[in-house]
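Below is one structure, written out as structure tokens, with a few remarks after it.
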Amino acid sequence: MGMHAKQNELWSEPVNLARRIPEDHPLRRLKSVLELDFVRQEVVRCYGSNGNVSVDPVVIIKLMILLFWDNVRSERELMRVIPLRIDYLWFLGYSLEDEVPDHSVLSKARRRWGVEVFERLFSQSVQQCLDAGLIDGRKLHADSSLVRADASLNSVVRITLAKLDEPASDEPKKARTPINESYQAATDPDSALVRHSGGKSLPSYKNHRALDDKAGVITATKTTNGVRDDGAELVGLVSAHQEKTGVKPKAVVADCKYGTTENFIALGEQGIRTHMGDLRSRQRNHHLEDIYPSERFAYDEQSDSYICPAGQTLFHHHFNNHRGYHEYRARKGVCQSCALAAQCTRAKAGRSVNRYPGHELLERARRQASGPAARRDRKRRQWFQERNFGEAATQHGFKRARWRGLQKQTVQDNLIAALQNFKILLRSKHGGLSAAMKWLNGRLTFLRAAVQCLCSSKSDLFSLNVIPPTQNF
């Protein structure tokens, strides 16, 4: 394992090219917060004592950071541009005469290192933001976004569902198999075909993120194939957030894709408020319209039964292992002879009521989800979370995979998330608001003063020089 010897003659007196790099240059600021000493210890297992001397691992990870920091088109393009950029050379610790490594160095390093070193870089970015007081930890936002895989539709092939040597089965075949179970991209089998916004089904991955509410720091991230259910990753994101920050969130904010029964109960057991949308609001069942809701049925804990609006008893019938709930039904013939049957059920077998284990937690979580605080948080989430994904897409190439395979896509997502956290850390250290935001705040102050003057009198506008006296008002 090689160690790069820095060339300092061009970055010090009497010739100091570093003076050409402004003090507020983004890479100068980024370098001030990067702590990459852990990289050599993390990858020492990947190197031996014989053979050619490698490129310094710290330089390799800096090259990957540059690739996403400026969203350079390709690794070949990055190596071509480095000798032309003084700021890149300074950031890497290279002199004008140093030979830039071949682009294949990066692909070999990713293959040998795995994802651990990049997950460590992301965890370090979270820890630095935590030390800077940018993470509150009490309120967590969760969401996901699709990433287009580096695979063409021409590479999509049909999957052979049955082997030729298997005996024929008399079981009836399914009427229709989902397209992502029937086809896959031959060049990237880890991805999955996903149809988005009514377009074509495209090979895709999905990145799941958890954001802290205080400054938008990404505290947990998970990469899966594109068809992975969003709600299935929520508990894992909450656990990862708690592990990295040491703080258990008091509330979780998400849309209705995360508002499943399992998530409501799981978060309720941990004492976490559920400010998520309820998935039932998206699953309209026309058979249940104008029908008594389950809330109209009173549960008797002693007899483990329900009392319907007509006063009849619904007894425990069975436990649905697939759905995970207990089902209660009236005795045969009771519903057919009931005067309220038309308002209660349309099923021939009569009305049934489902009850999940932890039913009290579920009902409390759903009441929290429909409360005013939850609605305000979900309204904030609409721009808070989308702004984070928008920055990743427009500035760091988040929406298109650079490499193939789930492991390499995980590397990409961890690098982008770490860079976004470092940006938040830099903004906090260099004045917080950007120049554009300061200009906007100044204009808002000006307009507020103008409105106050309009409410008083026209002469106040002239006295405060809000408008020139010669202007027609």
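The values are calculated or read from the model by the stated rules, or taken from the named source; none is laboratory data. These figures come from a predicted structure and were not determined experimentally. No Cβ is skipped: glycine too gets one built from the backbone with ideal geometry, and neighbour counts run over all protein chains shown.
At-a-glance table
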read-out	value
Which listed residue is of a type outside the set (A, V, I, L, M), assigned to a loop (DSSP other than H, G, I, E, B), surrounded by fewer than 16 Cβ atoms within 10 Å (Cβ to Cβ) and touching a Ser or Thr at 6+ places or on another chain (Cβ under 9 Å), from Gly137, Gly133	Gly133
Unmet criterion (only one of (1) surrounded by 13 or more Cβ atoms within 10 Å (Cβ to Cβ); (2) part of a helix (DSSP H, G or I); (3) not hydrophobic (A, V, I, L, M, F, W, C)) for His326	(2)
Pick from the range 241-263, criterion within 29 Å of Leu426 (Cα to Cα) and of a type in the set (Val, Ile, Thr), ranking: surrounded by the most Cβ atoms within 10 Å (Cβ to Cβ)	Val253
Every residue from the range 251-260 that is closer than 18 Å to Gln385 by Cα and not aromatic (Phe, Trp, Tyr)	Ala251, Val252, Val253, Ala254, Asp255, Cys256, Lys257, Gly259
Index of the failed condition, Ser74 passing every other in (1) surrounded by 14 or more Cβ atoms within 10 Å (Cβ to Cβ); (2) closer than 24 Å to Ala392 by Cβ; (3) among the hydroxyl-bearing types (Ser, Thr, Tyr)	(1)
Any hit, the range 46-58, residues being among the aromatic types (Phe, Trp, Tyr), surrounded by 12 or more Cβ atoms within 10 Å (Cβ to Cβ) and over 22 Å from Phe122 (Cα atoms)	yes
Scope the range 368-408; condition surrounded by 16 or more Cβ atoms within 10 Å (Cβ to Cβ) and over 27 Å from Ser191 (Cα atoms); matching residues	Gln368, Ala369, Ala374, Asp377, Arg378, Arg381, Phe384
Residue list for the range 74-122, restricted to those being in a helix (DSSP H, G or I), among the hydrophobic types (A, V, I, L, M, F, W, C) and within 25 Å of the chain's Cα centre (by Cα)	Trp113, Val117, Phe118, Leu121, Phe122
The lone exception for Asp143 - which of (1) at pLDDT 90 or above; (2) under 24 Å from Leu67 (Cβ atoms) it fails	(2)
Residue check, Lys222 in contact (Cβ under 8 Å) with a residue 12 or more places away in the chain, under 30 Å from Ser428 (Cα atoms), in a strand (DSSP E or B) and touching an Asp or Glu at 6+ places or on another chain (Cβ under 6 Å)	yes
Residues that are hydrophobic (A, V, I, L, M, F, W, C) and either surrounded by fewer than 20 Cβ atoms within 10 Å (Cβ to Cβ) or more than 22 Å from Gly259 (Cα to Cα) (or both), drawn from the range 195-240	Leu202, Ala215, Val217, Val227, Ala232, Val235, Ala240
Selection status of Lys200, over 30 Å from Ser428 (Cβ atoms), within 25 Å of the chain's Cα centre (by Cα) and modelled with pLDDT of 80 or more	yes
Breaking point among (1) touching a helix residue (DSSP H, G or I) at 6+ places or on another chain (Cβ under 9 Å); (2) not in a loop (DSSP other than H, G, I, E, B), for Asn71	(2)
Output for the range 339-398, where each listed residue is within 28 Å of the chain's Cα centre (by Cα) and either on the phi > 0 side of the Ramachandran plot or in a loop (DSSP other than H, G, I, E, B) (or both)	Ser370, Gly371, Gly397, Phe398
Selection from the range 80-106 of residues that are over 17 Å from Leu27 (Cβ atoms) and free of Cβ contacts under 8 Å to residues at least 40 places away in the same chain	Arg80, Glu99, Asp102, His103, Ser104
Number of the condition not met by Asp229 [criteria: (1) outside any strand (DSSP E or B); (2) more than 17 Å from Leu146 (Cβ to Cβ)]	(2)
Residues located in the range 303-318, provided they are crowded, with 17+ Cβ neighbours inside 10 Å and closer than 29 Å to Thr260 by Cα	Ser305, Tyr306, Cys308, Leu314
Exclusive hit being touching a Cys at 6+ places or on another chain (Cβ under 9 Å) and of a type in the set (A, V, I, L, M), set Ala330, Ala342	Ala330
Residue under evaluation Asn321, criteria (1) surrounded by fewer than 11 Cβ atoms within 10 Å (Cβ to Cβ); (2) under 20 Å from Cys256 (Cβ atoms), criterion not met	(2)
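Yes/no per residue for (1) without any contact (Cβ under 8 Å) to a residue 12 or more places away in the chain; (2) within 22 Å of Ser428 (Cβ to Cβ):
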{"residue": "Pro22", "(1), (2)": "yes, yes"}
{"residue": "His25", "(1), (2)": "no, yes"}
{"residue": "Leu34", "(1), (2)": "no, yes"}
{"residue": "Phe38", "(1), (2)": "no, no"}
{"residue": "Val43", "(1), (2)": "no, no"}
{"residue": "Asn52", "(1), (2)": "yes, no"}
{"residue": "Val55", "(1), (2)": "no, no"}
{"residue": "Ile60", "(1), (2)": "no, no"}
{"residue": "Leu66", "(1), (2)": "no, no"}
